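A short write-up of the structure that comes next.
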Amino acid sequence: MKEIKVLGIGCAKCIKTAELIQAVANNCGIQVHVVKDASPEVILKHGVMSTPAVIVDNQLMHSGSIPDIKKIEKFLN
Amino acid sequence: MLSIFTQLANWLTYSLFSLDSNSRLGQAVHFFIEDTTKIFFLIVLMIYVIALIRASLNIERVRDYLAKNNKFFGYLMGSTFGAITPFCSCSSIPVFLGFTSAGIPVGITMSFLLTSPIINEVAVLMLLGLVGWEITIIYVLVGMSIGIVGGVFLDFIRAEKLLQPFALKAYQAAAFSNAEHIISTKLSFKERHDFAKVELLDILSRIWKWVFIGVGLGAALHGFLPDLWFEENLGHGQWWSVPMAVLAGIPLYSNATGVIPIMESLIVKGLPLGTTLAFCMSTVAASFPEFILLKQVMTWKLLAIIFTLLLLSFTLVGWLLNIIYVV
């Protein structure tokens with residue numbers, strides 16, 4: 001199962017990003033575990049400067065916006 | 001170019017609705033039509049254009065630039081970047097940490113973070129459209145000066161000692177080289193367009209109701225409050241009117257869109273320029289919710305210092321402008 005973290009300090013875009021990733025994963029039948037993380041330490045550790053940012057299996061895949069569906073499908077596979 | 005909106009309002013108010021141009025109702029309706037059409041036109045056009053350009057301006061580049069350059073120049077650049085890089089208030093923490101862990105002094109980072117909300121694109125566009133370019137330029141220069149002076153002061157008192165321990169550690173280690181980098185690819189026009197469209201819809205969905213509320217109140221003041229009412233009733237530039245305006249602006253946070261059309265009326269009704277601009281800055285930039293967020297990277301003491309610094313500088317600027325523009 002893929003471990004997906006959405007980093008961001010509780011803005012509306014972060015919540016939407018997490019929901020969208022879950023929905024895309026459900027559509028594709030991929031098992032994922034999506035969590036939101038607002039901890040400044042984690043954000044610092046990944047060097048993220050614009051949120052929402054998406055971490056898949058501990059790797060930074062996207063930052064600064066709600067990713068589009070094609071991009072999500074790409075990093076889920 | 002913007003006079004087309006005056007003509008549109010003339011036609012709708014006086015010809016179509018056949019209202020009397022000397023009546024209070026007629027003036028209020030005219031103000032409402034002219035301002036709402038003008039604001040929405042400016043916002044839709046300019047936010048889209050700005051977002052197209054902004055798609056390629058990323059915050060990582062700003063950080064790398066600031067980290068490389070010398071300190072005294074840094075405050076000016078921090079403030080300049082703050083003015084031209086609009087960013088969501090929820091990004092202030094990642095930006096703060098990113099800058100700090102790149103070894104950029106706290107004062108320069110704060111020059112960026114203080115200037116950024118004061119000079120945001122919506123506020124500047126509305127000032128430009130409603131109260132004219134002279135006042136807009138004064139507003140921008142004052143906003144940048146506050147960012148620069150604030151930054152210099154924070155470094156002078158060694159504000160980094162008042163950061164949360166993990167943030168201080170990151171600053172001392174300047175762990176810049178360890179940070180992951182997203183490889184930025186060149187964006188196609190379609191990607192820029194998509195980015196700009198999302199941005200525009202996001203901003204519009206947040207502010208449209210404040211435009212109507214603000215212009216509505218502004219129109220009511222415009223039509224029903226006699227000209228120069230403030231000048232006659234408050235006297236010109238009473239000293240306490242400025243701190244009052246600053247305090248009144250704090251709870252109005254995030255409603256800059258609603259406040260600026262009211263300001264337009266207030267200036268016409270004789271509210272002094274300094275008082276009006278102090279009120280505007282306080283509304284746009286001094287927000288409790290945003291400050292509470294910064295608690296995650298700073299101690300209460302530093303937060304209190306910065307908040308006081310902002311309120312004091314808005315007040316000082318208000319007084320200064322009232323003295324200069326008294327004639």
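The values are calculated or read from the model by the stated rules, or taken from the named source; none is laboratory data. Given the structure is predicted, the values throughout are model-derived calculations rather than measurements. Counting neighbours? That spans all protein chains shown, and the Cβs are built from the backbone with ideal geometry, glycine included.
The table that follows gives values for the structure above.
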item: Qualifying positions in region B:276-288 - touching a residue at least 40 places away in the same chain (Cβ under 8 Å) and surrounded by fewer than 22 Cβ atoms within 10 Å (Cβ to Cβ); result: B:287
item: Any helices (runs of 4 or more DSSP H) falling wholly within region B:1-108 and containing at least 2 residues that are in contact (Cβ under 8 Å) with a residue 12 or more places away in the chain and within 30 Å of residue B:189 (Cα to Cα); result: B:24-54, B:59-68, B:71-84, B:92-101
item: Selection count, region B:255-275, where residues are surrounded by fewer than 23 Cβ atoms within 10 Å (Cβ to Cβ) and among the β-branched types (Val, Ile, Thr); result: 2
item: Residues of region B:40-64 that turn out to be within 13 Å of chain A (Cβ to nearest Cβ) and of a type in the set (Ser, Thr, Tyr), as a count; result: 1
item: Unmet requirement for residue B:95, which otherwise passes all of (1) within 12 Å of chain A (Cβ to nearest Cβ); (2) surrounded by fewer than 20 Cβ atoms within 10 Å (Cβ to Cβ); result: (2)
item: Selection status of residue A:72, more than 10 Å from every other protein chain (Cβ to nearest Cβ) and surrounded by 21 or more Cβ atoms within 10 Å (Cβ to Cβ); result: yes
item: Filter result (hydrophobic (A, V, I, L, M, F, W, C), within 11 Å of chain B (Cβ to nearest Cβ) and farther than 16 Å from residue B:60 by Cβ) within region A:55-69; result: A:55, A:66
item: Search result, residues across region A:49-62 that are crowded, with 17+ Cβ neighbours inside 10 Å, over 8 Å from the mean Cα position of the chain (by Cα) and in contact (Cβ under 8 Å) with a residue 40 or more places away in the chain; result: A:51
item: Set B:67, B:55: member being at pLDDT below 85, in contact with a Lys or Arg (Cβ under 8 Å, 6 or more places away or on another chain) and surrounded by 15 or more Cβ atoms within 10 Å (Cβ to Cβ); result: B:55
item: Residue match in region B:116-123 (condition: within 14 Å of chain A (Cβ to nearest Cβ), farther than 20 Å from residue B:170 by Cβ, at pLDDT 80 or above and surrounded by 22 or more Cβ atoms within 10 Å (Cβ to Cβ)); result: yes
item: Tally, over region A:24-48, of residues that are away from chain B (no Cβ under 14 Å), touching a helix residue (DSSP H, G or I) at 6+ places or on another chain (Cβ under 6 Å) and either surrounded by fewer than 16 Cβ atoms within 10 Å (Cβ to Cβ) or farther than 17 Å from residue A:69 by Cα (or both); result: 1
item: Residue match in region B:15-24 (condition: touching a Phe, Trp or Tyr at 6+ places or on another chain (Cβ under 9 Å), surrounded by 14 or more Cβ atoms within 10 Å (Cβ to Cβ) and of a type outside the set (D, E, K, R)); result: no
item: Criterion: on the phi < 0 side of the Ramachandran plot, within 14 Å of another protein chain (Cβ to nearest Cβ) and under 19 Å from the mean Cα position of the chain (by Cα) - qualifying residue of B:80, B:85, B:100; result: B:85
item: Pick from region A:1-23, criterion in contact (Cβ under 8 Å) with a residue 40 or more places away in the chain and surrounded by fewer than 15 Cβ atoms within 10 Å (Cβ to Cβ), ranking: nearest to the other protein chains (Cβ to nearest Cβ); result: A:16
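Okay, residues lined up against (1) under 28 Å from residue B:98 (Cα atoms); (2) surrounded by 12 or more Cβ atoms within 10 Å (Cβ to Cβ); (3) modelled with pLDDT under 80:
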| site | (1), (2), (3) |
| --- | --- |
| B:155 | yes, yes, no |
| B:162 | yes, yes, no |
| B:170 | yes, yes, no |
| B:180 | yes, yes, yes |
| B:186 | yes, no, yes |
| B:195 | yes, yes, no |
| B:198 | yes, yes, no |
| B:208 | no, yes, no |
| B:253 | yes, yes, yes |
